[in-house]
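*Asks:* Here's a structure for you.
The values are calculated or read from the model by the stated rules, or taken from the named source; none is laboratory data. What you see is a predicted model; the values in this text were computed from it and never measured. A quick note on method: Cβ atoms are made from the backbone with ideal geometry, for glycine too, and the neighbour counts reach across all protein chains shown. These accessible areas exclude ligands, DNA and RNA; they are computed on the full protein's heavy atoms, side chains included. Shrake-Rupley method; radii C 1.70, N 1.55, O 1.52, S 1.80 Å.
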Amino acid sequence: MQPIKIAVVGVGKIARDQHLPSIAGNPGYALVAAASRHGSVEGIRNFTTIEDMLEAVPEIEAVSLCMPPRVRFEAAHAALSAGKHVFLEKPPGATLSEVAILEALAERKAVTLFTSWHSRFAPMVDRARAHLADKTIRRVEIFWHEDVRRWHPNQSWIWEAGGLGVFDPGINALSILTHILPEPVFVTGATFEVPENREAPIAAKIAFGSASGMVVEADMDWRLPGDRWDFVIETTEGEVVLGNGGARLTIGGVSQEDEREKEYPTLYERFHSLVTAGRSEVDVAPLRHIADIFMLGSRKTVEAFYD
Ligand code: NAP
């Protein structure tokens, strides 16, 4: 089979750190073009808009959209309309409705739409899911703590409405949660703190419930030095700790053997198999929880935040 001719849109941090190396390392793809207002990729054709790129390079078969969520819909719509397969960075859109429109369009055009959730491919996430499949879970505590100055320096979009603030990393926790639990949960309450000079939250506490009475509590905070991305899961058969963003797993106090981190290479393998099979994979469960948090949660204004 010929490699899929792919283009990248939004050449910024995640495109450079993960997408470009993963595409280069997978013989199933040939990177043929990029579109970015300021960024560019050496050795291929570069454009400043996706529209110009799609017109000038008709052989493009697929595009990866790596820009912030607020500006992803228009690009995704243009690519799908032109009959291209589309790989969406997380979160798949700024709203649930836009993703529904894209899903319907992909179906009409008979092309693949992939809502990627990279944290689900962290090394120990599937092992945790398999272990929990037949367990009774009483309680889950999620700690998603990091220092925004370290991880998101000078990213203004992340603080704007639709940029998600602390939910930009926090949605990774929810993508894992919705993947490993044997039973769906729903938001029962939340409080989120928004700095007085910003539009998006810097911290949040969220409670979830389930039909069987499982309790999930999440504590997300962007003001803390030192990272903590952990799930502490209490089952009737003992404690499970999925730590380090899904990279470490301890069951009943016994640390499980680590596997190598390859989130983005695995995402690209998955996208390739979806394209080859002529299927889409559209999962908005993590984004739906964020929408519910904004719908149900109480908002508190806190002191201004400066980079
Ligand atoms: P970024 O570097 O700030 O943005 C990526 C690129 O998108 C920018 O270089 C810019 O390229 C373009 N862009 C930025 N703002 C734009 C706007 N308002 N309109 C049009 N284009 C704009 O962000 P990032 O960290 O790569 O994150 C992008 C997406 O990847 C987000 O959804 C994020 O959640 C996800 N992600 C990020 C990470 C991470 O570690 N950073 C990890 C996993 C997933 P041009 O100016 O050249 O157009």
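*Asks:* Is it true that SER36 is open to solvent by less than 50 Å² (accessible area, probe 1.4 Å), hydroxyl-bearing (Ser, Thr, Tyr) and within 24 Å of PRO265 (Cβ to Cβ)? Walk me through how you get there before you give the answer.
*Replies:* On the way: open to solvent by less than 50 Å² (accessible area, probe 1.4 Å): yes; hydroxyl-bearing (Ser, Thr, Tyr): yes; within 24 Å of PRO265 (Cβ to Cβ): yes.
Yes, satisfied.
*Asks:* Now for a different question. Collect the residues in the range 145-182 that are under 17 Å from the mean Cα position of the chain (by Cα), within 15 Å of the ligand (Cβ to nearest atom) and part of a strand (DSSP E or B), keeping them in residue-number order.
*Replies:* GLU146
*Asks:* I've got another one for you. Hey, among the residues in the range 1-14 that are more than 8 Å from the ligand (Cβ to nearest atom) and not in a strand (DSSP E or B), which one's nearest to TRP157 (Cα to Cα)?
*Replies:* Applying the filter and picking the extreme gives PRO3.
*Asks:* Regarding GLY43, is this residue on the phi > 0 side of the Ramachandran plot and crowded, with 21+ Cβ neighbours inside 10 Å?
*Replies:* Details: on the phi > 0 side of the Ramachandran plot: yes; crowded, with 21+ Cβ neighbours inside 10 Å: no.
Taking the combined requirement at face value, the residue does not satisfy it.
*Asks:* Of the residues TRP157, TRP144, which is on the phi < 0 side of the Ramachandran plot and open to solvent by 40 Å² or more (accessible area, probe 1.4 Å)? Step through it out loud before you land on a result.
*Replies:* Values: TRP144 fails: open to solvent by 40 Å² or more (accessible area, probe 1.4 Å).
Exactly one residue qualifies, and that residue is TRP157.
*Asks:* Also, quick follow-up: Would you say HIS131 is under 16 Å from the mean Cα position of the chain (by Cα), surrounded by 17 or more Cβ atoms within 10 Å (Cβ to Cβ) and touching a residue at least 40 places away in the same chain (Cβ under 8 Å)?
*Replies:* Working: under 16 Å from the mean Cα position of the chain (by Cα): no; surrounded by 17 or more Cβ atoms within 10 Å (Cβ to Cβ): yes; touching a residue at least 40 places away in the same chain (Cβ under 8 Å): yes.
No, not satisfied.
*Asks:* Kindly evaluate GLU98 against the criterion of being of a type outside the set (A, V, I, L, M), near the ligand (Cβ under 10 Å from one of its atoms), under 24 Å from the mean Cα position of the chain (by Cα) and closer than 28 Å to LEU174 by Cβ.
*Replies:* no
*Asks:* Inspect the range 83-102 for any residue being hydroxyl-bearing (Ser, Thr, Tyr), out of contact with any Cys (no Cβ under 9 Å at 6 or more places or on another chain) and surrounded by 21 or more Cβ atoms within 10 Å (Cβ to Cβ) and give the result as yes or no. Full working, then the answer.
*Replies:* Applying the first criterion (hydroxyl-bearing (Ser, Thr, Tyr)) to the range 83-102 yields 95, 97.
Going one step further and asking which of them are out of contact with any Cys (no Cβ under 9 Å at 6 or more places or on another chain), we end up with 95, 97.
From the residues that got through so far, the ones that are surrounded by 21 or more Cβ atoms within 10 Å (Cβ to Cβ) too are none.
Scanning the range 83-102, I find no residue that is hydroxyl-bearing (Ser, Thr, Tyr), out of contact with any Cys (no Cβ under 9 Å at 6 or more places or on another chain) and surrounded by 21 or more Cβ atoms within 10 Å (Cβ to Cβ), so the answer is no.
*Asks:* Of all residues in the range 46-66 being surrounded by fewer than 22 Cβ atoms within 10 Å (Cβ to Cβ) and closer than 22 Å to TRP157 by Cβ, which is farthest from the ligand (Cβ to nearest atom)?
*Replies:* Restricting to residues being surrounded by fewer than 22 Cβ atoms within 10 Å (Cβ to Cβ) and closer than 22 Å to TRP157 by Cβ, the top hit is GLU51.
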